[in-house]
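These notes are about the structure you will find just below.
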């Protein structure tokens, strides 16, 4: 089987520079053939200006910078070659094709990181941090990913695993060498240790809500009847003319999605079609999609025209969104506000803000109201956060197993039965960093990576 892999490490498309990465024992030999120089012996970690030749015609294909990373001092722990060339899709494709003809094979998704894991260059949580860093949408989420990449998650888990192993050793020794049950004082000491462990693991897992918010953000749908200013508000929040705005009712026929960041929280903003009864086939499809968007959203912003009385459509929308997490926004406060209309909904359990999508007045208050229900202060107050659902699930499983073992200890059951849950717990903690992760699980995790990483 071909063991040297190749892939484009930079995004596809045209660019000033494109980087091709090879990893494996034959990397240097392949590059010698590409450069038409069998004596090419680059100094590790130094840039080398070299021409790469067409493998078939021997004409110069491009002038490149070649960097050699010698095993084991490389990302994967194997010999790595990085070829920096001009970012022409044609040139990049040709170089990769020539590498394939010279006995390399295309890397699979995440295979470079998987090799780094297999060769002890990093653990699984650090490898996942690379993916999260690439996908980071905010400065804060990027910083959390860097902290995980530097091993902070592993460092937080290691003392917990060490303490759990200490308890396991005591119970295993008792099982092997002591005929009688554990003395009461020793049993109580073990219980206190396990209680503290379960509590500490629970505290660590409790940061997931803030971590998930930082990583995935929230989905916000702007809803309302036609011509209340949804598209104008959509553009105002984005700071650009993304949606078409006209005085014609029903201009927006379909959802428009864009992303923005409010105080380090990613927000996926959805401009929806105006909600009303219509005989127009296309518009009715848009209205139905708007209703589905409300259900899928984490937060609904119901937009009302503050310069008019509430219409029957307004009242129906307010009634249909009563059970949703929502904000009621009165738009057009640059015009005359109908305070009687506002008074009709002050008794409802929703925050009310007044804005002008045209002048920008009240937008800061609206942004604050959008993120406030999701407790963004937890992000600022916390240190390292659990942001991966897999990690959170394994932490909760580990905690549950410890609590089960505690109950068995209280029932004075044998150490052999108590140890089952503790062994499960240590296995779950090990799966976070990859020490006890199955091959199938590794394949599933690394399939979410990009090809060149």
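The values are calculated or read from the model by the stated rules, or taken from the named source; none is laboratory data. Bear in mind the structure is a predicted one, so any value in this text is a computation, not a measurement. So basically every Cβ, Gly included, is an ideal-geometry build from the backbone, and we count neighbours across all protein chains shown.
For the reader, a short list of remarks on this structure follows.
- Of the strands (runs of 3 or more DSSP E) that lie entirely inside the range 1-112, those containing 3 or more residues that are more than 23 Å from residue 126 (Cβ to Cβ) span 15-23, 47-53, 60-69, 80-87.
- Selection count, the range 429-443, where residues are at pLDDT below 70 and either under 13 Å from residue 127 (Cβ atoms) or surrounded by 14 or more Cβ atoms within 10 Å (Cβ to Cβ) (or both): 3
- Enumeration of residues in the range 146-157 that are at negative phi, touching a helix residue (DSSP H, G or I) at 6+ places or on another chain (Cβ under 9 Å) and without any contact (Cβ under 8 Å) to a residue 60 or more places away in the chain: 146, 149, 150
- Output for the range 141-167, where each listed residue is closer than 24 Å to residue 415 by Cβ and surrounded by 16 or more Cβ atoms within 10 Å (Cβ to Cβ): 160, 161, 164, 167
- Hits in the range 147-165 - residues which are under 20 Å from the mean Cα position of the chain (by Cα) and closer than 18 Å to residue 117 by Cβ: 148, 149, 150, 151, 152, 153, 154
- Total residues in the range 19-46 satisfying the condition of being closer than 17 Å to residue 60 by Cα, in contact (Cβ under 8 Å) with a residue 24 or more places away in the chain and touching a helix residue (DSSP H, G or I) at 6+ places or on another chain (Cβ under 9 Å): the figure is 4.
- Hey, residue 120 modelled with pLDDT of 90 or more and on the phi > 0 side of the Ramachandran plot or not: yes
- Single residue of 28, 22 found to be within 32 Å of the chain's Cα centre (by Cα), modelled with pLDDT of 95 or more and under 18 Å from residue 105 (Cα atoms): 22
- Per-region count, the range 47-63, residues touching a strand residue (DSSP E or B) at 6+ places or on another chain (Cβ under 7 Å) and surrounded by fewer than 11 Cβ atoms within 10 Å (Cβ to Cβ): 2
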